[in-house]
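Colleague: Mind looking over this structure? Questions follow.
The values are calculated or read from the model by the stated rules, or taken from the named source; none is laboratory data. None of the values given here were measured: they were computed from a predicted structure. Virtual Cβ from ideal backbone geometry, glycine too; neighbours counted across all protein chains shown.
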Amino acid sequence: MQTQVSVINERARIALSGRFDFNAHRTFKSAYEGQIKSNEVSAIEIDLGNVEYLDSAALGMLLLLRDQASSAHKTVILTNCRGVVQQILDIANFKKLFTIQ
Amino acid sequence: MDLNPPPPLALGVPPRRAALARAIVIEGRSDVRARLCAMLEAAGASLAEVADVDEAIALADRGEVELILCGVSDGGEVLRTIAARRMASRPSGPWALVAVSPEEVGGPSLLDELQDLADDFLPMPISTGWLGARLRLYGRMGAYVSRMQAQRAALKRYQDEAEEEQRIASYLISRLEGRDSLAERMMHAWVSPAHHLSGDVVAVARSPDDRINVLLADGTGHGLAAAISVLPVSEVFHRMTDRGFDIASIVTEMNRKLRSCMPADRFVACTAASIDMRERVIELWNGGCPPVMLLGADGSLERVWRSRHMALGILDGKDFDSSVERCAYREESQLMVVSDGLSEALGADGKHRFGDRELLEAVRGPADQRLERVVHGLHDFTGGRPLEDDASILLVDCLLEPLSELVVEPETPAHAQARGRGSHWALEMRLGPAQLRKITLAPFVSGLVEQLGIPRRLRSNVFCMLSELLANALDYGVLGMDPVILEQENGRERFREDRAQRLAALVSGSLWFKAVVEPSGGGEFLQVEIEDSGGGFDIESVEARLSRLKGRGAVRRGRGLELVRSVCDTLRFDQDGRRVVAVIALSRPV
């Protein structure tokens with residue numbers, strides 16, 4: 001999985017591409033850690049538009065991100081969820097915990 | 001586990017200046033030996049003195065020397081011995097056996113033979129500079145080999161430990177899963193672990209009132225970590241089913257337990273359901289599992305339960321939603337629950353997944369061999385490729401009568417004995433507001449039925465009678481609830497909320513209960529009397545309302561009075577409905 005990070009108006013956008021699964025653990029963590037610490041960021045957007053697949057480990061990583069973000073008083077937004085990614089998030093009922101756009 | 005792997009190897013990048021190998025020289029002829037030693041020392045080698053071949057090998061095996069230089073002036077005799085000893089004691093230490101001779105000895109045939117025994121040859125004469133370079137090379141090779149051996153040993157130890165852990169875990173998991181052969185007759189299951197251990201668990205268990213409870217739990221990831229995380233789920237499922245709790249209470253407890261013991265990124269997707277074959281009603285809770293399906297006799301899709309909840313172990317108690325979805329069935333059906341390892345199995349084309357369409361295609365047709373058809377269908381779809389995740393399929397029969405009425409269960413000797421001579425008893429208790437606020441009827445009654453040695457074949461009848469009559473006395477008597485609410489829209493939820501509020505606020509009222517087992521006319525009878533402090537009710541109008549409901553073909557109302565009447569030999573209300581007497585024959589006069 002590849003990540004690309006950009007920050008505009010206090011919103012850090014982390015665009016993911018490829019397979020978001022157990023092997024992406026380090027890559028994903030290192031992409032968001034800096035944003036959680038940053039004082040210039042109030043919201044973290046995870047752009048899933050180019051993610052082909054995500055597994056339950058990826059859902060776990062999103063939960064972990066949400067936990068850490070909320071202790072740093074930041075919100076997490078999931079964007080561009082399509083196809084199989086959308087299905088998996090639906091089954092997991094992540095709309096109850098995350099803002100999904 | 002203590003695993004400190006040695007530093008990584010860098011085979012391609014040798015150290016700039018490796019240490020010279022430490023060596024032992026073995027040569028029978030003392031003049032040749034002296035010359036060899038002089039040459040080696042001139043090249044800078046450090047030499048170890050040994051008394052014999054045994055000591056040489058012992059020293060080398062301990063890693064104190066990297067090199068045994070063996071002269072062949074004896075025609076290769078000693079070298080053969082050392083080589084043979086090394087062969088016999090594999091794995092040997094990281095040392096090299098080098099044949100050395102200051103002059104040409106033997107013929108080409110000796111050289112041929114020695115090639116198979118020694119690691120290298122050091123032809124002499126050789127310049128001191130070249131000899132030093134060779135010794136340095138041996139030193140480096142020795143270091144590589146010993147590092148590799150250490151790594152191999154660490155890996156082996158790691159593998160052994162992992163296998164041992166898995167063995168113990170498999171054993172524990174199999175022991176912790178309760179077994180109820182009668183309930184398992186209704187279950188057709190296939191579990192395919194991606195690793196040795198499965199993070200998917202499927203189970204069925206029977207509640208004291210003969211409901212069949214169904215579980216499929218899928219822990220995050222796979223292997224040991226996933227298998228461990230589903231253990232508490234399975235344990236709570238069996239324990240609470242045994243004690244008669246409903247699905248909402250069971251999933252609430254599972255969530256509480258996982259939330260308290262799991263890291264934030266670990267959770268368990270779960271479907272828990274209860275099939276009540278008396279009422280022909282299914283209650284189901286789906287948190288994070290693919291759609292659960294109810295299949296008709298011909299495999300047609302009758303109903304779908306989509307995941308309406310988050311998986312277990314994510315939400316705090318206050319946010320957790322335990323509400324179940326109910327559905328009645330009319331004909332013999334099958335409930336099908338699968339894990340996402342199945343619905344996300346990748347096809348042979350590398351693009352499509354084994355979705356609802358493929359699944360429904362495979363289940364079409366009679367219930368017989370349905371599971372096999374799905375497994376074959378999956379195999380054809382994936383082209384036999386191994387699945388990436390744990391996958392499971394659980395099919396449970398939904399029959400039209402409770403199983404215990406279809407099958408006669410053998411009574412265990414312990415229970416038969418418990419009811420032998422002198423087993424007549426009486427039990428009386430009065431529950432005040434403090435006890436009533438705390439009591440949960442299902443486990444209370446199931447405990448009573450278990451402890452009092454009620455024969456197994458009658459346990460579900462006695463459980464139904466006791467729990468229904470006690471619940472009636474508490475709800476409609478002590479708490480003064482109005483049963484009419486149940487017939488209204490969302491009546492069940494409103495009834496439950498109202499009841500909980502009244503119970504929490506209860507400061508007066510009581511419930512008296514007496515059970516007696518007595519012989520009578522050669523048989524044995526259980527008589528239960530229950531009296532409550534409520535205002536009573538008009539039994540005739542209740543029964544009239546019940547038959548009106550039934551006449552309208554509304555819900556199949558097995559529960560309540562009609563059910564109790566069907567399991568009792570006699571049922572009598574008096575004192576304007578505040579007191580009820582029910583009798584069940586434990587054994588009949590011969």
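Colleague: Can you work out which of the residues in the stretch B:336-351 that are aliphatic (A, V, I, L, M) and more than 10 Å from chain A (Cβ to nearest Cβ) is farthest from B:GLU302 (Cα to Cα)?
Modeller: Going through the stretch B:336-351, the residues aliphatic (A, V, I, L, M) turn out to be B:336-338, B:342, B:345-346, B:348.
Those still in the list that are more than 10 Å from chain A (Cβ to nearest Cβ) too: B:336-338, B:342, B:345, B:348.
Working: B:MET336: 11, B:VAL337: 14, B:VAL338: 16, B:LEU342: 21, B:ALA345: 24, B:ALA348: 30 Å.
Once the filter is applied, the top-ranked residue is B:ALA348.
Colleague: When the stretch B:429-476 is examined, which residues are found to be outside any helix (DSSP H, G or I) and not aliphatic (A, V, I, L, M)?
Modeller: B:ARG430, B:GLY432, B:THR440, B:GLY453, B:PRO455
Colleague: Follow-up. How about the stretch B:276-287: which of its residues are at pLDDT below 95 and in contact with a Leu (Cβ under 9 Å, 6 or more places away or on another chain)?
Modeller: Matches in the stretch B:276-287: B:MET277, B:ARG278, B:GLU279, B:ARG280.
Colleague: Let me ask you something else. Given B:ASP319, B:ASP356, which one is closer than 18 Å to B:LEU394 by Cα, within 12 Å of chain A (Cβ to nearest Cβ) and over 25 Å from the mean Cα position of the chain (by Cα)?
Modeller: B:ASP356
Colleague: List the strands (runs of 3 or more DSSP E) inside the stretch B:504-590, counting only whole elements, that have at least 3 residues being at pLDDT below 85.
Modeller: The qualifying strands (runs of 3 or more DSSP E) are B:511-520.
Colleague: Provide a single number: the residues in the stretch A:16-55 that are of a type in the set (A, V, I, L, M) and within 24 Å of B:SER343 (Cβ to Cβ). Let's see the steps before the verdict.
Modeller: From the stretch A:16-55, those of a type in the set (A, V, I, L, M) are A:16, A:24, A:31, A:36, A:41, A:43-44, A:46, A:48, A:51, A:54; that's our starting set.
Then keep just the ones that are within 24 Å of B:SER343 (Cβ to Cβ); that gives A:16, A:24, A:46, A:48, A:51, A:54.
So the count comes out to 6.
Colleague: I would also like to ask the following. When the residues of the stretch A:57-84 are narrowed to those that are more than 12 Å from the chain's Cα centre (by Cα) and of a type in the set (A, V, I, L, M), which ends up nearest to B:ASP389 (Cα to Cα)?
Modeller: A:ALA57
Colleague: How many residues are in contact with a helix residue (DSSP H, G or I) (Cβ under 8 Å, 6 or more places away or on another chain) and surrounded by fewer than 18 Cβ atoms within 10 Å (Cβ to Cβ) if we restrict to the stretch B:362-386?
Modeller: Total satisfying the criteria: 4.
Colleague: Another one. Is it the case that the stretch B:252-271 has a residue that's at pLDDT 85 or above, in contact with a helix residue (DSSP H, G or I) (Cβ under 6 Å, 6 or more places away or on another chain) and polar (S, T, N, Q)?
Modeller: no
Colleague: If you go through the stretch B:185-194 one residue at a time, do you hit one that is crowded, with 17+ Cβ neighbours inside 10 Å and of a type in the set (D, E, K, R)?
Modeller: No.
Colleague: Consider B:LEU111 carefully, then state whether it is modelled with pLDDT under 80, surrounded by 15 or more Cβ atoms within 10 Å (Cβ to Cβ), in the same structural domain as B:LEU40 (by TED's automatic domain parsing) and over 22 Å from B:PRO232 (Cα atoms). Reasoning before the result, please.
Modeller: Details: modelled with pLDDT under 80: yes; surrounded by 15 or more Cβ atoms within 10 Å (Cβ to Cβ): yes; in the same structural domain as B:LEU40 (by TED's automatic domain parsing): yes; over 22 Å from B:PRO232 (Cα atoms): yes.
Judged against the criteria, B:LEU111 is a match.
Colleague: Sticking with this structure for a sec: Please enumerate the residues belonging to the stretch A:50-101 that are in a loop (DSSP other than H, G, I, E, B) and facing chain B (nearest Cβ under 10 Å).
Modeller: Once the filter is applied, which keeps residues that are in a loop (DSSP other than H, G, I, E, B) and facing chain B (nearest Cβ under 10 Å), the stretch A:50-101 yields A:ASP55, A:ALA92, A:ASN93, A:LEU97.
Colleague: Looking at the stretch B:201-231 only, could you name the residues that are within 14 Å of chain A (Cβ to nearest Cβ), at pLDDT below 90 and farther than 15 Å from B:MET262 by Cβ?
Modeller: Across the stretch B:201-231, the qualifying residues are B:HIS222, B:GLY223.
Colleague: Could you list all residues from the stretch B:220-235 that are under 9 Å from B:ARG266 (Cβ atoms), crowded, with 24+ Cβ neighbours inside 10 Å and aliphatic (A, V, I, L, M)?
Modeller: Applying the first criterion (under 9 Å from B:ARG266 (Cβ atoms)) to the stretch B:220-235 yields B:220-221, B:225-226, B:229.
Okay, now just the ones that are also crowded, with 24+ Cβ neighbours inside 10 Å, so B:220, B:226, B:229.
Hit for the stretch B:220-235 is B:ALA226, nothing else.
Colleague: Given the conditions (1) within 14 Å of chain A (Cβ to nearest Cβ); (2) assigned to a helix (DSSP H, G or I), report the number of the one that B:HIS238 does not fulfil.
Modeller: Unmet for B:HIS238, out of (1) within 14 Å of chain A (Cβ to nearest Cβ); (2) assigned to a helix (DSSP H, G or I): (1).
Colleague: Hey, among the residues in the stretch B:322-358 that are of a type in the set (A, V, I, L, M) and under 23 Å from B:SER274 (Cα atoms), which one's surrounded by the fewest Cβ atoms within 10 Å (Cβ to Cβ)?
Modeller: If we take residues in the stretch B:322-358 being of a type in the set (A, V, I, L, M) and under 23 Å from B:SER274 (Cα atoms), then B:ALA328 is surrounded by the fewest Cβ atoms within 10 Å (Cβ to Cβ).
Colleague: Inside the stretch B:36-83, can you point out the residues that are without any contact (Cβ under 8 Å) to a residue 40 or more places away in the chain, over 25 Å from B:ALA150 (Cβ atoms) and crowded, with 22+ Cβ neighbours inside 10 Å?
Modeller: Answer for the stretch B:36-83, where residues must be without any contact (Cβ under 8 Å) to a residue 40 or more places away in the chain, over 25 Å from B:ALA150 (Cβ atoms) and crowded, with 22+ Cβ neighbours inside 10 Å: just B:LEU79.
Colleague: While we're on this one: Quick check on A:ALA43: is it more than 10 Å from chain B (Cβ to nearest Cβ) and among the small types (Gly, Ala, Ser)?
Modeller: For A:ALA43, the condition - more than 10 Å from chain B (Cβ to nearest Cβ) and among the small types (Gly, Ala, Ser) - is met.
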